[in-house]
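Colleague: Pasting a structure here, questions to come.
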Amino acid sequence: MFDSVQKFVASTTACLTPLQSVDLTSYDPRSSEASQLLRRFVVAADEGDAYAMTACAACYRSGWGARPDADEAFAWAGRAAATGFAPGLAELGYCYEEGLGTHADANFALAYLRRAADAGYGMAALNLAVRYASGVPYGRSGKEAAHYSELAFESGEAYAAHLLGTWYEEGALLPIDLNVARSWYEKAAQRGSQLACLRLSTAHMLGELNLVHDAKKSAEYLKMAEAAVVP
């Protein structure tokens, strides 16, 4: 989650501030260093930093740097969302989805997540795609799942294209179209999706997805998968 917020900020501003540049994923969530860093975010949030407010909401929601605290998560998410910051809108959506610090309300959750996705926050769009694919809690819809997957991919989430490839290949959510599936896998692979690279490696080796056997291409995608950093 933290890296997706950084990605969003980097896409909308000239550069990240020192606090925004901190790689939270490199810390043990239960370490003293994480606790100290959370205190820095709280100070910045109190001073009106929407990114810090969002980070506080996520930290208290997940138990990063502190014990999970639903009330704190909801309070910080509300403050972040009030600024219009897209990841903050998403955090408030997650709180309503899970009933953290408030009653669970799928309508409120969906409204906030849609606003975040439409504002260009790829992780919110990806989460909506997955939820529409599963049917929980907004009902199952291949059309909506595909829409939000495409929106997530446009916002920089490579895994969204892998999902589209899978759905078009398997046919449970979207009509089977192996050429379209392959196209989405290729787009995902170009953006560094390990799963898409692996699927294309196998497809080239076995002649699947309307491809002919090509050991060289298979090896190339396998090498790409080994270097990939996203699912």
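Colleague: Inspect region 113-122 for any residue being within 30 Å of A203 (Cα to Cα) and either out of contact with any Leu (no Cβ under 7 Å at 6 or more places or on another chain) or aliphatic (A, V, I, L, M) (or both) and give the result as yes or no. Don't jump to the end; show me each part of the working.
Modeller: Keep residues of region 113-122 that are within 30 Å of A203 (Cα to Cα), which gives 122.
Cutting the leftovers down to either out of contact with any Leu (no Cβ under 7 Å at 6 or more places or on another chain) or aliphatic (A, V, I, L, M) (or both) gives us 122.
Yes, there is a match, as at least one residue in region 113-122 is within 30 Å of A203 (Cα to Cα) and either out of contact with any Leu (no Cβ under 7 Å at 6 or more places or on another chain) or aliphatic (A, V, I, L, M) (or both).
Colleague: Could I ask something else about it? Out of the residues in region 109-147 that are among the aromatic types (F, W, Y) and touching a Gly at 6+ places or on another chain (Cβ under 9 Å), state the one that is nearest to G84 (Cα to Cα). I'd like the intermediate steps shown before the answer.
Modeller: Residues of region 109-147 among the aromatic types (F, W, Y): 112, 121, 132, 138.
Still in the list and also touching a Gly at 6+ places or on another chain (Cβ under 9 Å): 112, 132.
Numbers: Y112: 10, Y132: 24 Å.
Within region 109-147, the match that is nearest to G84 (Cα to Cα) is Y112.
Colleague: Which of the residues that make up region 194-231 are in contact with a Pro (Cβ under 7 Å, 6 or more places away or on another chain) and either more than 17 Å from A158 (Cα to Cα) or of a type in the set (D, E, K, R) (or both)? Reasoning before the result, please.
Modeller: Kept after step one, since they are in contact with a Pro (Cβ under 7 Å, 6 or more places away or on another chain), are these residues of region 194-231: 194-195.
Within region 194-231, none qualify.
Colleague: Filter region 1-57 down to residues that are closer than 23 Å to F153 by Cα and charged (D, E, K, R) and give me whichever is modelled with the lowest pLDDT.
Modeller: Applying the filter and picking the extreme gives D3.
Colleague: Sticking with this one: Can you run down the residue pairs with Cβ atoms below 8 Å, 6 or more apart or on separate chains, where the first is in region 202-220 and among the polar types (S, T, N, Q) and the partner is at pLDDT 95 or above and part of a loop (DSSP other than H, G, I, E, B)?
Modeller: The qualifying pairs are T202/E208.
Colleague: All but one of (1) over 18 Å from the mean Cα position of the chain (by Cα); (2) on the phi < 0 side of the Ramachandran plot hold for N210, so report the exception by its number.
Modeller: With (1) over 18 Å from the mean Cα position of the chain (by Cα); (2) on the phi < 0 side of the Ramachandran plot applied to N210, the lone miss is (2).
Colleague: Here's something else I'd like to know. Within region 25-36, is even one residue buried (at least 24 other Cβ atoms within 10 Å of the Cβ), outside any loop (DSSP other than H, G, I, E, B) and under 20 Å from the mean Cα position of the chain (by Cα)? Show your work before the answer.
Modeller: Keep residues of region 25-36 that are buried (at least 24 other Cβ atoms within 10 Å of the Cβ), which gives none.
Scanning region 25-36 turns up no residue that is buried (at least 24 other Cβ atoms within 10 Å of the Cβ), outside any loop (DSSP other than H, G, I, E, B) and under 20 Å from the mean Cα position of the chain (by Cα).
Colleague: Let me spell it out: the conditions are (1) surrounded by 20 or more Cβ atoms within 10 Å (Cβ to Cβ); (2) within 18 Å of the chain's Cα centre (by Cα), and A50 meets all of them except one. Which number is the exception?
Modeller: (2)
Colleague: Restricting the search to region 63-97, which residues are in a loop (DSSP other than H, G, I, E, B) and either closer than 15 Å to M123 by Cα or not charged (D, E, K, R) (or both)?
Modeller: Let us first name the residues in region 63-97 that are in a loop (DSSP other than H, G, I, E, B), namely 63-69, 83-85.
Within region 63-97, G63, W64, G65, A66, P68, T83, G84, F85 qualify.
The values are calculated or read from the model by the stated rules, or taken from the named source; none is laboratory data. Keep in mind it's a predicted model, so treat the numbers as computed, not measured. We place every Cβ from the backbone using ideal geometry, glycine too, and count neighbours over all the protein chains shown.
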